[in-house]
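A.B. asks: Could you have a look at this structure, given as structure tokens, before my questions?
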Amino acid sequence: MEQILEIRDGCSTPEQLLKSRAFSRYLNIYKKAFVDELGAREGRQRPEAQHRAAMFKDLSAREVLAILQGPMPSTEEGVERARAVVRFLDGAFHHYRASGYKRLVRLQNDVVSTGEETPDTVKDKVTAKARSLADLILETRRDLLARVDLEHGVRRTPGLDPSPNVTAGEISGHYLNLPGDYVALSHVPLTIAADILTGVDYSTPSNKRAKPFYELDHNPFDSDRFAPDEWVSVPLQVGSSLIVAYLHKSRGSIEMEPGLLNLFPFAHIADIQAGRRPDGIFIFCDPNADAGDLGYWWDAANEVLVGMVPNRDELKYFGYCKKPILTLHNVLAIRKGEIPLHCGCTRYLVRFDNNEPYITEMRVKADDMGRVVLTRGGDGLVRPIFFGTETGAFACLDGFSEQAKIQMLGREVGYNKDTGSNARQIVPVTDDSEVFRGDVLDVLLYMNNFDLIPQGSSTIDIDMSVEQAIEHFRLGERVAAGSTSTHRGAKESSYWANPFPLLKDNDGTILHPDLHDKFSITEAGFIGDLKALMARGEIKVGVAHSQLMAGVYSGNSDDDLVRCGYANRHEVEMKAPERLGEDLIELIKARAQAKRERLGGSVAEVSITVALVGDSRTGKSETAEKMEGILSLYLV
């Protein structure tokens, strides 16, 4: 297992830092990487590489501390050795901040045991610890360089950020109310607050999903072979579900931690204090799992859903973290009679000026996944109440403007930016309160990303019956961008835009019979509810045409593109979502006026909640970005 650096020491001076166990550990990590790399070199420079590797093979923290504290060597040979050591350490410093993965950890059991701390106070302390460690590392580096007379010229401190990748406030895992069969997991500390280093891009062995995450016929978790010291855990609040993610500390797995922290809300500490049992357990990169353990299993005896991703290079991709966790959420939702929606959902606040509507705010409820809870009101009607799951977005950069990418700077955790297609960034797009807030759906649209719409025609079709609209959701057609096993430009179908797990295959084969039956019962009630609400003018259901992948779809000819107003295929991807954004704005204003009239015609503000259902790269995020630009709800 390639080592990461976990820092649990409390240091306040350069001397304490060099005496710490963390420094000795990292020195050994870097020496091994340094010696191994030089030892593997061939050719005419091999003797020089071997000599340099031998120079530092036995370097110890004690020798480094002697350079900082002791008198300068009296011989020229001693001075040159001290300078060589400091130069070597400067290489270690740059490796540490650029290539090493480091976690600064502080135990915070007082949050649960005494109540003297809260997650907010812990968060403040965590941030202070991260900053003080970064400052101390820079101070130590400067002192060592100055000690051997190498600290010359201009300092470049702001560009040399040695902050930990993750600074975590943890509590004992024993505070989590796990079933007895999973007691081994209780030995892994729980992260309850964190400060993450942003502006970082991680390279992972894979950059696309090719294997499905389906139901298993066995429990993939092997308690006897689970080694708690090799794991970190993060309790997540995914919708109404408490799902605890366990990540292996090996490279290729641990890099998923900052992504998860930037994507999902933390679980509520009050639930842990109250003894709530997890609804789901997710284990990522288990070295003891076999290829056949990829998937989830419902442990009926313990009433917990267990998800597993084995330690395989082809599975070391953030998509195999995000999608399985959402799958656990969706399975739990379907079991409760709710409808998971693979969608982007935004709540628009609309005010009125002389009865003329205008949009004042866009509040994201879901970037990729949410759920509908069918709730009966005081008037006897059942309405779809929407809740989100993520506070962040796992955004594919291919379809975003340069302006949008600039807005992400400083908040992003990136993956595989040098791989070309499917480079991704996780950025925060909303807050916990909006995700957990339930709102009645006013508009429900399926996202078609491949049909071309001529200029002058609306990109939104809501002139259809509920049954006709639902058929688009059931068919779930889209043109792929190449982020999964389907190659770029090919058309595929996924039942209800693949609400993870896929319930029905393209040939009609039912893949998860129990879930499919439960979903079908809920869907039948949903259709009846939609009909009643449409009759009262409370909801619009139909199809939105983003045309995002219409330019790469082989079914569209060059003549088709010109006829629909596009100069070339690339132009479609950048301009088409803006057309949909403009049409959506008009629809939202019209729905706001109708809603205001139903409420008596005098309210100052109404909110309109719009869900755009579709699989990856159907244009959900891209359309939202274009709408922000049209409405000028941000400044650059």
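A.B. asks: I'm trying to understand the selection: among the residues of the stretch 591-636, which are of a type outside the set (Val, Ile, Thr) and without any contact (Cβ under 8 Å) to a residue 40 or more places away in the chain?
C.D. replies: Matches in the stretch 591-636: Glu597, Leu599, Gly600, Gly601, Ser602, Ser632, Leu635.
A.B. asks: Among the residues of the stretch 310-323, is any at positive phi, outside the structural domain of Thr522 (by TED's automatic domain parsing) and either of a type in the set (Asp, Glu) or surrounded by fewer than 22 Cβ atoms within 10 Å (Cβ to Cβ) (or both)?
C.D. replies: Going residue by residue through the stretch 310-323, those that are at positive phi are none.
No, the stretch 310-323 has no match at all.
A.B. asks: Which one is farthest from the chain's Cα centre (by Cα), of the residues in the stretch 198-240 that are among the basic types (Lys, Arg) and within 30 Å of Ser421 (Cα to Cα)?
C.D. replies: Ranking the candidates gives Lys211 first.
A.B. asks: Just one of the numbered conditions (1) on the phi < 0 side of the Ramachandran plot; (2) touching a helix residue (DSSP H, G or I) at 6+ places or on another chain (Cβ under 7 Å); (3) in a loop (DSSP other than H, G, I, E, B) is not true of Leu530; which one?
C.D. replies: Condition not satisfied by Leu530: (3).
A.B. asks: All but one of (1) surrounded by 15 or more Cβ atoms within 10 Å (Cβ to Cβ); (2) in a helix (DSSP H, G or I); (3) not assigned by TED's automatic domain parsing to the domain that holds Ala53 hold for Asp120; which doesn't?
C.D. replies: Asp120 satisfies every listed condition except (1).
Residue by residue, here is whether (1) basic (Lys, Arg); (2) under 33 Å from the mean Cα position of the chain (by Cα) holds:
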{"residue": "His95", "(1), (2)": "no, yes"}
{"residue": "Gly100", "(1), (2)": "no, yes"}
{"residue": "Leu107", "(1), (2)": "no, yes"}
{"residue": "Val111", "(1), (2)": "no, yes"}
{"residue": "Glu116", "(1), (2)": "no, yes"}
{"residue": "Thr121", "(1), (2)": "no, yes"}
{"residue": "Thr127", "(1), (2)": "no, yes"}
{"residue": "Arg142", "(1), (2)": "yes, no"}
{"residue": "Leu150", "(1), (2)": "no, no"}
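A.B. asks: Out of (1) surrounded by fewer than 18 Cβ atoms within 10 Å (Cβ to Cβ); (2) within 25 Å of Ala366 (Cβ to Cβ); (3) of a type in the set (A, V, I, L, M), what's the single condition that is false for Ala544?
C.D. replies: It is condition (1) that Ala544 fails.
A.B. asks: Could you please give the count of residues in the stretch 37-89 that are of a type in the set (Lys, Arg) and touching a residue at least 24 places away in the same chain (Cβ under 8 Å)?
C.D. replies: Final tally of qualifying residues: 3.
A.B. asks: Also, quick follow-up: Can you tell which of Phe88, Phe93 is surrounded by 13 or more Cβ atoms within 10 Å (Cβ to Cβ), closer than 30 Å to Met256 by Cβ and of a type outside the set (Asp, Glu)?
C.D. replies: Phe93 is the lone residue from the list that is surrounded by 13 or more Cβ atoms within 10 Å (Cβ to Cβ), closer than 30 Å to Met256 by Cβ and of a type outside the set (Asp, Glu).
A.B. asks: Which numbered condition trips up Arg81, out of (1) modelled with pLDDT of 85 or more; (2) in contact with a helix residue (DSSP H, G or I) (Cβ under 8 Å, 6 or more places away or on another chain); (3) not hydroxyl-bearing (Ser, Thr, Tyr)?
C.D. replies: (2)
A.B. asks: When you scan the stretch 1-104 for helices (runs of 4 or more DSSP H) that lie fully inside it, which ones turn up with 2 or more residues that are among the β-branched types (Val, Ile, Thr) and either more than 28 Å from Ala128 (Cα to Cα) or in contact with a Phe, Trp or Tyr (Cβ under 7 Å, 6 or more places away or on another chain) (or both)?
C.D. replies: Per the criteria, 76-98.
A.B. asks: With the structure loaded, tell me whether Pro287 is closer than 21 Å to Ser172 by Cα and either of a type outside the set (Lys, Arg) or modelled with pLDDT under 95 (or both) or whether it fails that test.
C.D. replies: no
A.B. asks: Can you pull out the residues in the stretch 107-117 that are touching a residue at least 60 places away in the same chain (Cβ under 8 Å) and either surrounded by 17 or more Cβ atoms within 10 Å (Cβ to Cβ) or of a type in the set (A, V, I, L, M) (or both)?
C.D. replies: Leu107, Gln108, Val111, Val112
A.B. asks: Within the stretch 520-527, can one find any residue that is under 24 Å from Gly388 (Cα atoms), modelled with pLDDT of 95 or more and surrounded by 23 or more Cβ atoms within 10 Å (Cβ to Cβ)?
C.D. replies: Initial filter on the stretch 520-527 (under 24 Å from Gly388 (Cα atoms)): 520-527.
Add one more test, that the residue is modelled with pLDDT of 95 or more, and what stays is 520-527.
Now restrict to residues that are surrounded by 23 or more Cβ atoms within 10 Å (Cβ to Cβ): none.
No; the residues of the stretch 520-527 include none that is under 24 Å from Gly388 (Cα atoms), modelled with pLDDT of 95 or more and surrounded by 23 or more Cβ atoms within 10 Å (Cβ to Cβ).
A.B. asks: Mind listing just one residue for me: the one in the stretch 426-450 that is touching a residue at least 40 places away in the same chain (Cβ under 8 Å) and polar (S, T, N, Q) and, of those, nearest to Gly542 (Cα to Cα)?
C.D. replies: Asn448
A.B. asks: Could you tell me whether Glu582 is of a type outside the set (A, V, I, L, M, F, W, C) and under 33 Å from the mean Cα position of the chain (by Cα)?
C.D. replies: Yes; evaluated as a whole, the condition is true for this residue.
A.B. asks: Hey, another quick one. Among the residues of the stretch 175-197, is there at least one that is at pLDDT below 95, in a loop (DSSP other than H, G, I, E, B) and either under 23 Å from the mean Cα position of the chain (by Cα) or surrounded by fewer than 23 Cβ atoms within 10 Å (Cβ to Cβ) (or both)?
C.D. replies: Yes, that holds for at least one residue.
A.B. asks: Would you point out the residue of the stretch 563-617, among those that are touching a Phe, Trp or Tyr at 6+ places or on another chain (Cβ under 8 Å), small (Gly, Ala, Ser) and farther than 20 Å from Asp367 by Cα, that is surrounded by the fewest Cβ atoms within 10 Å (Cβ to Cβ)?
C.D. replies: Ala604
A.B. asks: Being closer than 21 Å to Glu6 by Cβ and either among the acidic types (Asp, Glu) or modelled with pLDDT under 95 (or both), is that true of even one residue in the stretch 215-232? Give the derivation first.
C.D. replies: Within the stretch 215-232, the first condition is being closer than 21 Å to Glu6 by Cβ, and the residues that meet it are 226-232.
From what's left, either among the acidic types (Asp, Glu) or modelled with pLDDT under 95 (or both): 229-230.
Within the stretch 215-232 (the criterion being closer than 21 Å to Glu6 by Cβ and either among the acidic types (Asp, Glu) or modelled with pLDDT under 95 (or both)), the answer is yes, since at least one residue qualifies.
Quick grid of which residues meet (1) closer than 28 Å to Phe213 by Cα; (2) modelled with pLDDT of 95 or more; (3) part of a helix (DSSP H, G or I); (4) hydrophobic (A, V, I, L, M, F, W, C):
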| site | (1), (2), (3), (4) |
| --- | --- |
| Met549 | yes, no, no, yes |
| Leu561 | no, no, yes, yes |
| Glu571 | no, no, yes, no |
| Met574 | no, no, yes, yes |
| Leu580 | no, yes, yes, yes |
| Leu584 | no, yes, yes, yes |
| Lys589 | no, yes, yes, no |
| Lys595 | no, yes, yes, no |
| Val610 | no, yes, no, yes |
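Quick grid of which residues meet (1) farther than 26 Å from Thr522 by Cβ; (2) assigned by TED's automatic domain parsing to the domain that holds Phe387:
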{"site": "Gly252", "(1), (2)": "yes, no"}
{"site": "Ala270", "(1), (2)": "yes, no"}
{"site": "Asn288", "(1), (2)": "yes, no"}
{"site": "Val306", "(1), (2)": "no, no"}
{"site": "Leu328", "(1), (2)": "no, no"}
{"site": "Arg351", "(1), (2)": "yes, yes"}
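A.B. asks: If you take the residues in the stretch 415-426 that are buried (at least 18 other Cβ atoms within 10 Å of the Cβ), in contact with a Ser or Thr (Cβ under 9 Å, 6 or more places away or on another chain) and not in a loop (DSSP other than H, G, I, E, B), which one is modelled with the highest pLDDT?
C.D. replies: Step one: of the stretch 415-426, the residues buried (at least 18 other Cβ atoms within 10 Å of the Cβ) are 415-416, 422, 424-426.
Imposing the further condition that a residue be in contact with a Ser or Thr (Cβ under 9 Å, 6 or more places away or on another chain) reduces the set to 415-416, 422, 424.
Still in the running and not in a loop (DSSP other than H, G, I, E, B): 415, 424.
Values: Tyr415: 92, Arg424: 87.
Per the criteria, the residue is Tyr415.
A.B. asks: Check off (1) at pLDDT 90 or above; (2) assigned to a loop (DSSP other than H, G, I, E, B) for Asp161 and give me the number that stays unchecked.
C.D. replies: The single condition Asp161 does not satisfy is (1).
A.B. asks: Out of all the residues in the stretch 293-307, is one or more in a helix (DSSP H, G or I), at pLDDT 95 or above and either in contact with a strand residue (DSSP E or B) (Cβ under 6 Å, 6 or more places away or on another chain) or surrounded by fewer than 23 Cβ atoms within 10 Å (Cβ to Cβ) (or both)?
C.D. replies: The answer is yes; a qualifying residue exists.
The values are calculated or read from the model by the stated rules, or taken from the named source; none is laboratory data. Small disclaimer: the values here were computed from a predicted structure and weren't measured. Neighbour counts run over all protein chains shown; Cβ positions are idealised from the backbone, glycine included.
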